[in-house]
Amino acid sequence: MTREASCINAGVDTMTMTYDAPVPQTRGDELERWRREADVRTQRKDAELVVELAGQPWAVGVGCAKPYRWIFYGRGDASGIDVTVKPSSADGGEGVRVELHQEPLWALGAGACVELARQVAEELSANPATGEIRADIDKMVRAGERTSRLDLCGDIQGVKLAGYDDEMASFITRIRRRARHTAPGRSFTGYVFGTGKPLMGRLYDKRVDMAATGKNWLERLVWRRSPDYRGDQPVTRAECQSRGALLRQLGYTGWKPQKLPDIWAWWWGAPGALGGALSARQRAHRAVGWELAKDTNRRRWPLAWWWPTVQEASTYFGGPPVRLSGSNAG
């Protein structure tokens, strides 16, 4: 019997960018006027206040967590992008934070979303009276650009996680915490490793998760573009969330798409390698030798037959889903 697994999608799923963009006092006064008007509209249950930034419509929010004071929610093509801003005098550091969620990242592409985030940061640093953007703002924004959260994922078909104790024990990892992953309703979907601070890895049935959350747009927008997509089969998502401390350890700052495969390899192992921070193993087949087949040390076991497909997913970050497959007789 031959088992096959294929990658139908891979890329950036969530990202948070921060910018050391100075917000002038005059701009801060304007943002405060917008916030107060939005607050009045909210109390009156009127239509939301929508303003334009970087050529896109944004709904003005009423409140956000300190030290940030102003928040904007993307509308139209920017839907799924949240921008929070704090006064330049508020404890220094970044003045603008941009959270990029799933929908725009998959619809527009990560590169286009980051470019929009930079344009918003630049415009918030401009003089609102004249609209003039200082000539050095573009360099300042890029120099002060940081990634505080980066979620990468690969969607795999041809393998379904069962939830057995032996399967859970087959994962070899240097991450301390591991648990079963459940969808709303408490049904098993996969496994979670870590807590999210500064890292968390997940392997779970994305189709079940989508049915629970109602986010079925991913199948229509992304999966069906892959020639390997099979609508009647589960989709196992390999997902890794990296935050500030881990990203700094890996030397990742700002937007560096060429380094995304390195982060993926740190998590799941580089193609052809035994494993990274996390890997699934299977007992060696007796055809390779009885001694190996009888070995009870899972760290010496070979990779699970489908794991190379997870490792190879990073090859196609930034591009359309293409044919990727891994197979092994067993």
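The values are calculated or read from the model by the stated rules, or taken from the named source; none is laboratory data. Treat the numbers as computed from the prediction; the structure is a model and nothing was measured. With ideal geometry, Cβ positions are generated from the backbone for all residues, glycine too; neighbour counts draw on all protein chains shown.
Quick look at the values:
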quantity	calculated
Qualifying positions in the range 49-66 - surrounded by 13 or more Cβ atoms within 10 Å (Cβ to Cβ) and free of Cβ contacts under 8 Å to residues at least 40 places away in the same chain	49, 50, 51, 57, 58, 59, 60, 61, 62, 63, 64
Pick from the range 142-176, criterion of a type in the set (Lys, Arg) and assigned to a loop (DSSP other than H, G, I, E, B), ranking: nearest to residue 206 (Cα to Cα)	160
Number of the exception - residue 268 against (1) more than 20 Å from residue 169 (Cβ to Cβ); (2) crowded, with 19+ Cβ neighbours inside 10 Å	(1)
Subset of the range 27-47 [surrounded by 14 or more Cβ atoms within 10 Å (Cβ to Cβ) and of a type outside the set (Lys, Arg)]	28, 30, 31, 34, 37, 38, 39, 42
Residue under evaluation residue 141, criteria (1) closer than 17 Å to residue 304 by Cα; (2) surrounded by 16 or more Cβ atoms within 10 Å (Cβ to Cβ); (3) in contact with a Lys or Arg (Cβ under 7 Å, 6 or more places away or on another chain), criterion not met	(1)
Every residue from the range 139-155 that is among the basic types (Lys, Arg) and at pLDDT 85 or above	146, 149
Number of the condition not met by residue 179 [criteria: (1) assigned to a strand (DSSP E or B); (2) under 24 Å from residue 16 (Cβ atoms); (3) among the small types (Gly, Ala, Ser)]	(2)
Counted residues, the range 211-252 - those being loosely packed, with under 13 Cβ neighbours inside 10 Å and β-branched (Val, Ile, Thr)	1
Qualifying residue in the range 4-24 (condition: over 30 Å from residue 308 (Cα atoms) and part of a helix (DSSP H, G or I))	no
Lone unmet requirement of (1) touching an Asp or Glu at 6+ places or on another chain (Cβ under 6 Å); (2) modelled with pLDDT of 95 or more for residue 15	(1)
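Table: residues versus (1) more than 18 Å from the chain's Cα centre (by Cα); (2) modelled with pLDDT under 90; (3) not assigned by TED's automatic domain parsing to the domain that holds residue 71.
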| residue | (1), (2), (3) |
| --- | --- |
| 130 | yes, yes, no |
| 137 | yes, yes, no |
| 157 | yes, no, yes |
| 163 | yes, yes, yes |
| 168 | yes, yes, yes |
| 171 | yes, no, yes |
| 180 | yes, yes, yes |
| 206 | no, no, yes |
